[in-house]
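Values in this text are rule-based calculations from the coordinates and carry no lab data. As the structure is a computational prediction, the values presented were derived from the model and not from experiment. Here the Cβ positions follow ideal geometry from the backbone for every residue, glycine too, while neighbour counts run over all protein chains shown.
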Amino acid sequence: MQQGLSIRSAMDNAGGILTKEVPVGLDAAAQEEFASLSVLLQEFSKISTIDKAWTVKPQNGMIASVSSHAIAFCLLVFTYAQVYFVIEFDFNYLFIKYVAEDSTSAMFLIGQPDLLSNKRRKSILTSHISQKTDSSVSFRWAPFPVEMTGVSAMVPSPSGSKLLVVRNSEGDSPTHFEIWGASELKKDFAIPRKIHGSVYTDGWFEGISWNSDETAIAYAAEEQDLPKPTFNAFGFKKEASTDNDCGSWKGQGDWEEDWGETYSGKRQPALFVIDVNSGEVHGVAGVGRELSVGQVVWAPSVDGQQYLVFVGWPSDTRKLGIKYCYNRPCALYAVKAPSFKSDTGVTRSDATEDSLIIKLTQSISSAFFPRFSPDGKSLVFLSARSSVDSGAHSATESLHQIEWPLHGKLDPSKITEVVSVVMCPEDGCFPGLYCSKLLDQPWLSDGQTMVLSSIWGSVQTILSVNVLSGQVSRISPNNSKSSWDILAIDADNIIAVCSSPVSIPQIKYGSLVGKISTNAKWSWSDVSSPLTTCSEKVSSMLASQQFDILNIPVRDVSENPTKGACKPFEAIYVSSKSSKSESPDPLIVVIHGGPHTVLLASYSESLAFLSALGYSLLIVNYRGSLGFGEEALQSLPGHIGTQDVNDVLTAIDYVTGKGLADPSKIFVVGGSHGGFLTTHLIGQAPERFVAAAARNPVCNLALMVGTSDIPDWCFFEAYGSYGNTIYTESPSAEHLALLHSKSPIAHVSKVKSPTIFLLGAKDLRVPVSNGIQYARALKEKGVETKVIIFPNDVHGIDKPQSDYESYLNISAWFNKHLKS
């Protein structure tokens, strides 16, 4: 059932007039409002995101740009007398420019939603970076980005002289591996489906790694499906052919589980290696189907033998959903890399010889994101053992290292803890590691200091970690309330992106002042960039906004609280600079999902749009959120529906008590567990909210436990750690009764607030039946209800058209009930 606004516009071929499909059931005034809101939301939707960046040192004769069947701009770099020169071609002009030896080329991957195609366009923009004599930095940008149509992944080689471009195809078409050189396509290998399926480029199973001499690439791709039975007019064929013919057909065979939400049809990631010269592909021997594998990297050779190190996730009983779930046990493994025939026809080594895999992390329940130090002597990795051991889908992480033997036998080594889990941080001090990614090369020039982004309260910050001493230092500005994310490292310089709820992402360039040390100082420069622009209208609206991060004292304390659970939590308050009038702006309370995630003080297109409409925002990071230490996080499981609800109400009381919000003009919006809290709040505090919006909300745990890809989540969050011991695929009547009592549907009879539901029909995490059941119950009680179902969306509802229509309808819904 699709209700609400259909976003479709077209240019009239005759007169160039913009026409819109009229939303069903709207009067003339509502139609005008929809039109006005849609135009403003499009202004915010046009802002690009910077998704990734790479830095490459110039090579002789190298073109430091990336092409997708066309080169719009290039930088030709050559040397004479050890001095770099750059020839820049810009269609009509030719520039020749002196470049210092420490110059760098950078590539930026840009994302931008395309509403008409309902896809995110990806493009590359290159820049030449040079240090000036006065220590300032200069970025010279290409005049235009180049779209990466059909590109699934791009990985520069270690020297920067080659670029791998992966193109995953739909259906039965082969996957293409393109090897690009300085100015042209060198190789294009088509890998048929009979070898493997799509290459994993999802950021979690993904692992694409060049070897050191740039002759081979290791990667994770979908293993071939298990053989299926073949039938014909005479019955079952004992010797099944690989291809269907008109006289036979393929049966279904045994059902094989996939990895859940966003991994529909993705069942068995496996390891492969491709020879860059010949295109020959070998599966990595010794890794069975009992492991799903990814994040592969080439290891330094041990006595001349090449190894691959990878992450393996076992699947004994079933494959529980893995997206956003760090509580799935995983370990690091090493296996000998397959080799290929040399130009002389002699095989360097046998791919099947001694292919036994070695488990490197036997004493720890979680290990991922493996990275080798520049000298090859240590293997560093992150661990989510707090999450695995407790059952929380995400929790405080730790950093570890293993000595890697360059000579002798490779055996599991003693694991050294570099950065421990922080249980209860002192005020203003490091709260622990919360990293969603690591750079492929995260090292500064000393080879022992790595740089990463991590959550610190309600902001993201850039940290340096000395892996020998374990010393952690904050290197993004200490006084910044904005969020910082690292994009790339250039020697001892950092390219980062910084944003806040009232400022779009801006590129920053950090330079080390002096030598690398515990108390090293960093100088940060603003980088003028064509990537970080917006319309004058959006710029003016954002300039009229302000934000602050509030410390909210805890009001309710459980019987046996930990110290961390009693500390204040945080909320981000966004308001107009002119809102200190006698009548505060209406307030939208924004609640994150998880529950063990966090909403950062960073730019959000949808929230910026809502604030531009004249609403203040209260973004609540209740206890249980990431970034505040492990004790605060672990205080929530077993208390969902009470502690988190009370924290949100406490935050609302805090701002209304200070005159920052009108108690009669409060709205609430949240998704997933944020939708769980949204529907709980309108049931437990029915007089407090003018209207509500819930995106794929958890409304009935008793229903979700039998239909979700993560039923264990229901038990853990409802019971706490005890839930791990009683989790079952066949819950008892007593279990279902408790799950129901913890659910918003237990309070549905008290709800009065008009509520809009945005639901993804292909959601495996919180199946659409959860929201529909609750919405029908509200209608049955006479509560005004609106339901919009997006037929092709999963849990995040993040397809461009769906995200656009979702927040357009939310804004119209809130405006309607603000005026009523």
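Remarks
- Karplus (6.51, -1.76, 1.60) ³J(HN,Hα), θ = phi - 60°, over the range 775-786, in Hz, Gly and Pro reported as x: 4, 5, 5, 5, 4, 4, 8, x, 7, 5, 9, 9
- Taking the longest Cα principal axis of the chain as reference, the axis of helix 673-684 is set at about 10 degrees.
- Shape of the range 494-652, Cα gyration tensor, a/c cut at 1.5: oblate
- Alpha carbon centroid spacing (whole Å) that separates the range 301-330 from the range 356-379: 11
- Look at where the Cα atoms of the range 700-733 and of the range 747-763 average out, and the two centres are 22 Å apart.
- Largest to smallest principal axis extent of the C-alpha atoms in the range 337-487, angstrom: 62, 34, 26
- Seen from K359, the other residues with C-beta closer than 13 Å to its C-beta sum to a net charge of -2, counting Lys and Arg as +1 and Asp and Glu as -1.
- Per-peptide average of other Cβ atoms within 10 Å, ordering 719-731, 356-368 highest first: 356-368, 719-731
- Annotation: extensible slack from C566 through S36 equals 186.3 nm (criterion: 0.36 nm per residue apart, minus Cα-Cα distance).
- Charge tally in the Cβ shell below 14 Å around E729, where Lys, Arg are +1 and Asp, Glu are -1, E729 excluded: -2
- 3J(HN,Hα) from dihedral phi, the range 141-152, Karplus parametrisation 6.51/-1.76/1.60, rounded to Hz, x for glycine, proline: 8, 5, x, 9, x, 10, 6, 9, 5, x, 8, 8
- Residues with amide H under 5 Å from that of L360, placed H, sequence gap 5 or more: L332, Y333, A334
- Legend: ranking of residues I494, I591 from fewest to most surrounding C-beta atoms inside 10 Å; resulting order I494, I591.
- The length gained on full extension between T518 and S732, counted as 0.36 nm times the residue separation minus their Cα-Cα distance, comes to 71.5 nm.
- Sites matching trypsin sites (Lys or Arg not before Pro) across the range 102-145 that sit in DSSP coil, with at most 15 neighbouring C-beta atoms within 10 Å: K132
- For the range 425-533, the share of alpha carbon pairs falling in successive 5 Å distance bins from zero is 2, 12, 23, 26, 21, 11, 4, 1, 0 percent.
- Contact order relative to length of the chain, as percent, for alpha carbon pairs under 8 angstrom and 6 or more apart: 8
- The shape of the range 705-796 comes out oblate: with a ≥ b ≥ c from the C-alpha gyration tensor, a/c is at least 1.5 while a/b does not beat b/c.
- Relative to the current alpha-carbon distance between D662 and T215, full extension at 0.36 nm per residue lengthens the span by 154.4 nm.
- Environment charge at I810 (Cβ cut-off 14 Å; Lys +1, Arg +1, Asp -1, Glu -1): -1
- Percent breakdown of C-alpha pair distances by 10 Å bin, ordered from the shortest bin, for the chain: 2, 12, 21, 25, 21, 12, 5, 1, 0
- Residues whose amide H comes within less than 5 Å of that of S301, counting only those at least five positions distant or on another chain, are absent (H built at 1.01 Å from N in the peptide plane).
- Computed from backbone phi, the HN-Hα couplings of the range 550-555 come to 9, 9, 9, x, 6, 9 Hz, rounded to whole numbers (Karplus: 6.51 cos²θ - 1.76 cosθ + 1.60, θ = phi - 60°; Gly and Pro given as x).
- Working note: Cα atoms of the range 684-738, range along each principal axis, descending, whole Å: 41, 20, 20.
- In the chain, helices alone account for a calculated mean residue ellipticity at 222 nm of -5000 deg cm²/dmol, with every DSSP H run of four or more residues adding -39,500 (n - 2.57).
- Around the amide H of T230, modelled in the peptide plane, lie the amide H atoms of K237, G251, all under 5 Å away and 5 or more residues distant in sequence or on another chain.
- Alpha-carbon centroid distance for the pair the range 438-490 / the range 130-204, whole angstrom: 26
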